[in-house]
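Peer 1: Please find one structure pasted underneath; my questions will follow.
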Amino acid sequence: MIPIPTVHPTRWLAASLIGLGLSSPAIAQEDPIKVGILHSLSGTMAISESTLKDTLLMLIERQNAEGGLLGRQIEPVVVDPASDWPLFAEKARELLAQEEVDVIFGNWTSVSRKSVLPVVEELNGLLFYPVQYEGEESSENVFYTGAAPNQQAIPAVDYLMNEVGAERWVLAGTDYVYPRTTNKILEAYLKAHGVADEDIMVNYTPFGHSDWQNIVSDIKRFGSQGKKTAVVSTINGDANVPFYRELGNQGIDAADIPVVAFSVGEQELSGIDTAPLVGHLAAWNYFMSVDTDANYDFIDSWIEYTGDEMAVTNDPMEAHYLGFTMWKEAVRKAGTTDVDAVKDAIIGVSVPNLSGGHAAMMPNHHITKPVLIGEIQDNGQFSIVWETPSTVAGDAWSDYLPGSRDLISDWRAPLECGNYNVVEGRCGGGASEDVATAE
Amino acid sequence: MRMIRSLVQGLLCLVVVALAAPAAVAAPDDDGQALLEALDTRSYADKGEAIEALVASGDERTRRWLDALLDGKLQRHQDTGRFVVVLENRGRQWPVADALSGERLGEMSRRELDRIGINNALRGQLHSTLAVLDLRVDDVRARREAARELLGNVEAAMLAPLQQRVADEADGEVRRLLEQAIAIHRLGQGDAAAVEGLAGSLNPEARAALRAAARSDDVALAEAASGALAGIEQKLKLNRGVETLYFGLSLGSVLVLAAIGLAITFGVMGVINMAHGELMMLGAYTAWGMQQLLPGQPGLALILSIPAGFLVAALAGIAIERSVIQFLKGRPLETLLATFGVSLILQQLVRTLISPLNRSVVSPEWMSGSLMINEGLSLTLNRLFVLGFALLVFAGLMLVMRRTRLGLEVRAVTQSRAMARAMGIRATRVDILTFALGSGVAGLAGVALSQLTNVGPNLGQNYIIDSFMVVVFGGVGNLWGTLVAGLSLGVINQVLEPWAGAVLAKILVLVFIILFIQKRPRGLFPQKGRAAEG
């Protein structure tokens, strides 16, 4: 990948000038609040991340129209890490050290988050991460507004086990951190519920895999053993389209072998002919089809902002909406954008989500979310067939992995620890070896 | 189960009613309203009972309502409580018709409408009950489809009417399927005699039923089922072999399509064109553009995009050749870097001008689904078409190279540029045309790929490495080599995949090629003679 810098040189210069203290204090008072946006606008991940950049720009525009925050305007600073993981770290450093942004919203893939993490911790920045991820992490400087495994994967498996009656399981995923860790947790969970080894099939494929013939035919064979079979898919991004197409062509429909996906949302479906997918499932914390006025208002303003009547909204967009609203509330509460003050103020902040409930920031920097299971419809939308009775709090450390079961995370005083081992009674208990190898 | 049973009975009554009195007068509207109102509940069990009541009512609009329910298009207006059928559910405003009278009501906002939701369990029941209905239609194909739908979904209450159907049925295939469906049901009840009816059947449902029976406590039944299964497995082995070969050839045909254009530009002209993948991408985007121009006719659009894709990619190829490559003749490293730059520019151009998001290219009806060879083996149609298309493109290219003046000139210029020029061949013109030909073929590959994979800015990147791999493996400058190399790499990959996994299979293939190139640096079919030394 060739890095494509997008920050304008004059802006860079201006930032350095301010850094040198050449601007007068009176002007500094009126300085806008800077919000860094760290999403790939080119490269493979542009497909998913570019809409998140637009979501934030829309939220910031709306906020400025309402008079800004603390009487100051909000200024977005957009950089393009170009789907290049090490470049994410460089761009984060640029945002924090040169642009001196007050907060960063960004990242999609776990590997890009892992690359940014040391930078954000070193420079004491704030990062809001909007995508479902594998858990096993809690940083003082990161707020996880996407789902942890217990807010997406585990409830989805529960649904299949209890409501659909699945007994055989195919865990199919793309070969990287998130699917490997999630599948490890799911395997442990399934075995804890009495599923035998021979009833679990695990399969990994490379990024962008497009030839699914053999795998789909394997799944078909695996599913014809006289027990109800379900596929849990952590297949990422583009590779889903040929996967579902092959499923349709080989005649597997949702009534025989349902596929529940954790990475397929409205955005991904808008690039597919959805006819063969009707009835397959997805587990998220938000669907565009959620029937609340807050959601319809959000969709309307999104359509207005993009000017595209067919524009869709999805779960990570809601996560950014929640993250932005929470950060806004915390800044108001603290009366400043100072990172340490906001970090303390945000814990316990509760804001309305788009599905009619509330999202609260927990001491472990994860938020409470409802879990929704939806079936794909022919218009690329999901019809919600099941939801948790109340919201679920995100769990940073899974209860189903040997080393992580004893860890808790609480960033409030006096504990102030992301991985406190309750058995040994000390901070820095360390994650399980399993997780270390997965990374 | 009780619910399904009465549902089926109800539907059968409905059939009888519908057949007996085709011109029956519609029930008063308030009846329909009450029936539909029962559907508007959160509990799926209650919904199931409401469907049962709906079917039992014998209302002749039931079929329409159930179809709409199945598609998620039966909805209710929030304020008036009126039931409507949504005619088109895209965008914010949906055209709707009244569910009771069928009268068009104009457009309603999706904000005002509540959908009557169903889940997979209800969908499955609706499918099998509608299948019972469809067994009565005149169209044989629809009847076969309906009978297939019933495999594994027969309930005790259906037995008597189904056996009646078997006796009345004229089509042998439908009869056989129905008999199997009944046998599967009997086997599920523990009837050992039913095993006989399923012996030798390749249906996955029959196999699933036999497997379940083989695990049963009844020793005689378990033994009979295991025996039948062993016979089926034997038959399936052959099936599986054929299937793997087909998978391999189909993957191979994709590789051949992607590589064959490169075999001309890289193999024959010696230009390392890293933008080859992006020329494929242009072809795929042409297919998408054509479908945008001809909405509602995906098939015609796809056929028209074959020549259009060729033209677009060929013109782009000419532009690249004139603007970059002609100045870098004989400097392969610089060409590599420059064309890599071109590939990035083309990708970003598409991202900026069209969208960074993938575009959806619809498969025409005749390309979706699969061709059934026997019940355990069916070949997916889209891949079958691509396989055929790849062979056609290959044959066409061979013709051009062997039988046309252009082909002759290309071969002459590659063998000895100076001598060809001395004979009066305009080498520059030949360069342009050859590059255009290679690029155009890449465009054709893109059109075909739009049916298999994502049409997005990254499409080309995913294939460029594979293309070079195939050309080098097959022997640079040899079209036959490309064909053989592509197909054999495809088959090797698919044979390895089931036991090695997709990731490892890919690595193993790469290692194999590296070792092979060590042994035979000029590939499978090395060029011989003077051209090879130049």
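The values are calculated or read from the model by the stated rules, or taken from the named source; none is laboratory data. Note that the coordinates shown come from a computational prediction; the quantities given were computed from them, not determined experimentally. Cβ: placed from backbone, ideal geometry, glycine included. Neighbour counts: every protein chain shown. Side chains included, ligands, DNA and RNA excluded: accessible areas come from the protein's heavy atoms. Shrake-Rupley method; radii C 1.70, N 1.55, O 1.52, S 1.80 Å.
Peer 1: I'd like the full set of residues that are more than 26 Å from B:Tyr463 (Cα to Cα), polar (S, T, N, Q) and surrounded by 15 or more Cβ atoms within 10 Å (Cβ to Cβ), limited to the range B:217-264.
Peer 2: Within the range B:217-264, B:Ser226, B:Asn239 qualify.
Peer 1: Given (1) acidic (Asp, Glu); (2) touching a Ser or Thr at 6+ places or on another chain (Cβ under 6 Å); (3) outside the structural domain of A:Ile272 (by TED's automatic domain parsing), identify the lone condition not met by A:Asp378.
Peer 2: (3) is the only condition that A:Asp378 fails.
Peer 1: Exactly one condition in (1) more than 14 Å from every other protein chain (Cβ to nearest Cβ); (2) surrounded by 23 or more Cβ atoms within 10 Å (Cβ to Cβ); (3) at pLDDT 90 or above is false for B:Gly446; which is it?
Peer 2: (1)
Peer 1: Being open to solvent by 50 Å² or more (accessible area, probe 1.4 Å), within 14 Å of chain A (Cβ to nearest Cβ) and in a helix (DSSP H, G or I) narrows it down to one of B:Ala167, B:Ala131, B:Ala121, B:Ala56, so name that one.
Peer 2: Values: B:Ala167 fails: within 14 Å of chain A (Cβ to nearest Cβ); B:Ala131 fails: open to solvent by 50 Å² or more (accessible area, probe 1.4 Å); B:Ala56 fails: within 14 Å of chain A (Cβ to nearest Cβ).
Every option except B:Ala121 fails the conditions.
Peer 1: OK, next. Could you check B:Thr482 against (1) surrounded by 15 or more Cβ atoms within 10 Å (Cβ to Cβ); (2) within 14 Å of another protein chain (Cβ to nearest Cβ) and say which number it fails?
Peer 2: Every condition holds for B:Thr482 apart from (2).
Peer 1: Within the range B:134-145, can you find the residues that are more than 13 Å from chain A (Cβ to nearest Cβ), part of a helix (DSSP H, G or I) and closer than 19 Å to B:Pro161 by Cβ? Step through it out loud before you land on a result.
Peer 2: Of the residues in the range B:134-145, the ones more than 13 Å from chain A (Cβ to nearest Cβ) are B:134-144.
Imposing the further condition that a residue be part of a helix (DSSP H, G or I) reduces the set to B:134, B:140-144.
Those that are more than 13 Å from chain A (Cβ to nearest Cβ), part of a helix (DSSP H, G or I) and closer than 19 Å to B:Pro161 by Cβ: B:Asp134, B:Ala142, B:Arg143, B:Arg144.
Peer 1: So which of B:Met274, B:Met290 ends up being surrounded by 16 or more Cβ atoms within 10 Å (Cβ to Cβ), within 14 Å of another protein chain (Cβ to nearest Cβ) and over 19 Å from the mean Cα position of the chain (by Cα)? Explain how you work it out, then say what you get.
Peer 2: On the way: B:Met290 fails: within 14 Å of another protein chain (Cβ to nearest Cβ).
Going through B:Met274, B:Met290 in turn, just one is surrounded by 16 or more Cβ atoms within 10 Å (Cβ to Cβ), within 14 Å of another protein chain (Cβ to nearest Cβ) and over 19 Å from the mean Cα position of the chain (by Cα): B:Met274.
Peer 1: In the range B:174-206, how many are open to solvent by 50 Å² or more (accessible area, probe 1.4 Å), touching a helix residue (DSSP H, G or I) at 6+ places or on another chain (Cβ under 7 Å) and under 17 Å from A:Gly226 (Cα atoms)?
Peer 2: Total satisfying the criteria: 4.
Peer 1: Here's another thing I want to ask about it. Would you check if there is a residue in the range B:425-438 being over 29 Å from the mean Cα position of the chain (by Cα), surrounded by fewer than 24 Cβ atoms within 10 Å (Cβ to Cβ) and among the acidic types (Asp, Glu)?
Peer 2: yes
Peer 1: So is A:Ser210 facing chain B (nearest Cβ under 10 Å), under 17 Å from B:Val455 (Cα atoms) and in contact (Cβ under 8 Å) with a residue 24 or more places away in the chain or not?
Peer 2: Here the answer is yes, as A:Ser210 does meet what is asked.
Peer 1: To continue, here is another question. Can B:Ala192 be described as more than 29 Å from the chain's Cα centre (by Cα), outside any helix (DSSP H, G or I) and not charged (D, E, K, R)?
Peer 2: Yes, satisfied.
Peer 1: State yes or no: is A:Asn141 at positive phi, in the same structural domain as A:Met362 (by TED's automatic domain parsing) and either open to solvent by 10 Å² or more (accessible area, probe 1.4 Å) or not small (Gly, Ala, Ser) (or both)? Walk me through how you get there before you give the answer.
Peer 2: Numbers: at positive phi: no; in the same structural domain as A:Met362 (by TED's automatic domain parsing): yes; either open to solvent by 10 Å² or more (accessible area, probe 1.4 Å) or not small (Gly, Ala, Ser) (or both): yes.
The answer is no for A:Asn141.
Peer 1: Identify, please: which residue in the range B:143-164 is of a type in the set (A, V, I, L, M) and farther than 19 Å from B:Leu210 by Cα and is, among those, surrounded by the fewest Cβ atoms within 10 Å (Cβ to Cβ)?
Peer 2: B:Ala160
Peer 1: Right, here's the next one. Could you list, in sequence order, the residues of the range A:242-256 that are under 27 Å from A:Ala46 (Cβ atoms), open to solvent by less than 10 Å² (accessible area, probe 1.4 Å) and at the interface with another protein chain (Cβ under 10 Å from one of its Cβ atoms)?
Peer 2: Listed by number, the residues that qualify are A:Pro242, A:Glu246.
Peer 1: Then there's this: Name the single residue that is surrounded by the fewest Cβ atoms within 10 Å (Cβ to Cβ) among those in the range A:226-240 being touching a residue at least 12 places away in the same chain (Cβ under 8 Å) and either farther than 20 Å from A:Ile373 by Cα or not assigned by TED's automatic domain parsing to the domain that holds A:Leu171 (or both).
Peer 2: In the first step, residues of the range A:226-240 are kept if they are touching a residue at least 12 places away in the same chain (Cβ under 8 Å); the result is A:227-240.
Checking which are either farther than 20 Å from A:Ile373 by Cα or not assigned by TED's automatic domain parsing to the domain that holds A:Leu171 (or both) leaves us with A:227, A:238-239.
Numbers: A:Lys227: 16, A:Asp238: 25, A:Ala239: 22.
Result: A:Lys227.
Peer 1: Can I ask one more? Tell me which of these B:Val254 doesn't satisfy, since it passes every other one: (1) within 12 Å of chain A (Cβ to nearest Cβ); (2) over 30 Å from B:Ala502 (Cβ atoms).
Peer 2: Looking at each condition in turn, B:Val254 falls short on (2).
Peer 1: Take B:Glu107 and tell me if it is part of a strand (DSSP E or B) and either within 14 Å of chain A (Cβ to nearest Cβ) or open to solvent by less than 50 Å² (accessible area, probe 1.4 Å) (or both).
Peer 2: yes
Peer 1: If we scan the range B:202-209, do we find a residue that is assigned to a helix (DSSP H, G or I), within 14 Å of chain A (Cβ to nearest Cβ), more than 30 Å from B:Ala56 (Cβ to Cβ) and more than 33 Å from the chain's Cα centre (by Cα)?
Peer 2: Checking the range B:202-209: not a single residue is assigned to a helix (DSSP H, G or I), within 14 Å of chain A (Cβ to nearest Cβ), more than 30 Å from B:Ala56 (Cβ to Cβ) and more than 33 Å from the chain's Cα centre (by Cα).
Peer 1: Take the conditions within 11 Å of chain A (Cβ to nearest Cβ) and touching a Pro at 6+ places or on another chain (Cβ under 6 Å) and apply them to B:Pro298. Does it pass?
Peer 2: Considered against the rule, which asks whether it is within 11 Å of chain A (Cβ to nearest Cβ) and touching a Pro at 6+ places or on another chain (Cβ under 6 Å), B:Pro298 comes out as yes.
Peer 1: Kindly provide the set of residues from the range A:158-196 that are among the β-branched types (Val, Ile, Thr) and not in a strand (DSSP E or B), ordered by number.
Peer 2: Selection gives A:Val164, A:Val177, A:Thr181, A:Thr182, A:Ile185, A:Val195.
Peer 1: Condition first: modelled with pLDDT under 85, under 36 Å from the mean Cα position of the chain (by Cα), exposed (fewer than 15 other Cβ atoms within 10 Å of the Cβ) and of a type in the set (A, V, I, L, M, F, W, C). Can you find one or more residues in the range B:372-395 that meet it? Give the steps one after another, and end with the answer.
Peer 2: To start, the set of residues in the range B:372-395 that are modelled with pLDDT under 85 comprises B:372-378.
Retained after the next criterion (residues that are under 36 Å from the mean Cα position of the chain (by Cα)): B:372-378.
This time we only want the ones that are exposed (fewer than 15 other Cβ atoms within 10 Å of the Cβ), so: B:372-374.
Subset that is of a type in the set (A, V, I, L, M, F, W, C): B:372-373.
Checked against the condition, which is being modelled with pLDDT under 85, under 36 Å from the mean Cα position of the chain (by Cα), exposed (fewer than 15 other Cβ atoms within 10 Å of the Cβ) and of a type in the set (A, V, I, L, M, F, W, C), the range B:372-395 yields at least one hit.
Peer 1: Something else: Please go through the range A:46-70 and give me each residue that is among the aliphatic types (A, V, I, L, M) and touching a residue at least 12 places away in the same chain (Cβ under 8 Å), ordered by number.
Peer 2: A:Ala46, A:Ile47, A:Leu52, A:Leu56, A:Leu57, A:Met58, A:Leu59, A:Ile60, A:Leu69, A:Leu70
Peer 1: Right, something else. List, please: which pairs have Cβ atoms under 8 Å, are six or more places apart or on different chains, and start with a residue in the range B:410-423 that is in the same structural domain as B:Ile264 (by TED's automatic domain parsing) and end with one that is open to solvent by 90 Å² or more (accessible area, probe 1.4 Å) and at pLDDT below 85?
Peer 2: Filtered contacts from the range B:410-423: B:Gln415/B:Arg530; B:Gln415/B:Gly534; B:Ser416/B:Arg530; B:Ser416/B:Gly534.
Residue by residue, here is whether (1) hydrophobic (A, V, I, L, M, F, W, C); (2) within 22 Å of B:Ser368 (Cα to Cα) holds:
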site	(1), (2)
A:His209	no, yes
A:Arg221	no, yes
A:Leu269	yes, yes
A:Thr292	no, no
A:Phe298	yes, no
A:Ile303	yes, no
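Peer 1: While we're here: Restricting to the range B:36-49, count the residues that are in a helix (DSSP H, G or I) and closer than 15 Å to B:Phe83 by Cα.
Peer 2: 4
Peer 1: Out of curiosity, is B:Leu397 more than 22 Å from B:Gln326 (Cβ to Cβ) and away from chain A (no Cβ under 14 Å)?
Peer 2: Criteria met by B:Leu397.
Peer 1: Please go through (1) of a type outside the set (D, E, K, R); (2) within 21 Å of A:Phe382 (Cβ to Cβ); (3) open to solvent by 10 Å² or more (accessible area, probe 1.4 Å) for A:Ser210 and return the number of the only condition it doesn't satisfy.
Peer 2: Of everything listed in (1) of a type outside the set (D, E, K, R); (2) within 21 Å of A:Phe382 (Cβ to Cβ); (3) open to solvent by 10 Å² or more (accessible area, probe 1.4 Å), A:Ser210 misses just condition (2).
Peer 1: What about B:Leu14, is it within 28 Å of B:Arg136 (Cβ to Cβ), modelled with pLDDT of 80 or more and crowded, with 18+ Cβ neighbours inside 10 Å?
Peer 2: So B:Leu14 does not fit the description; no.
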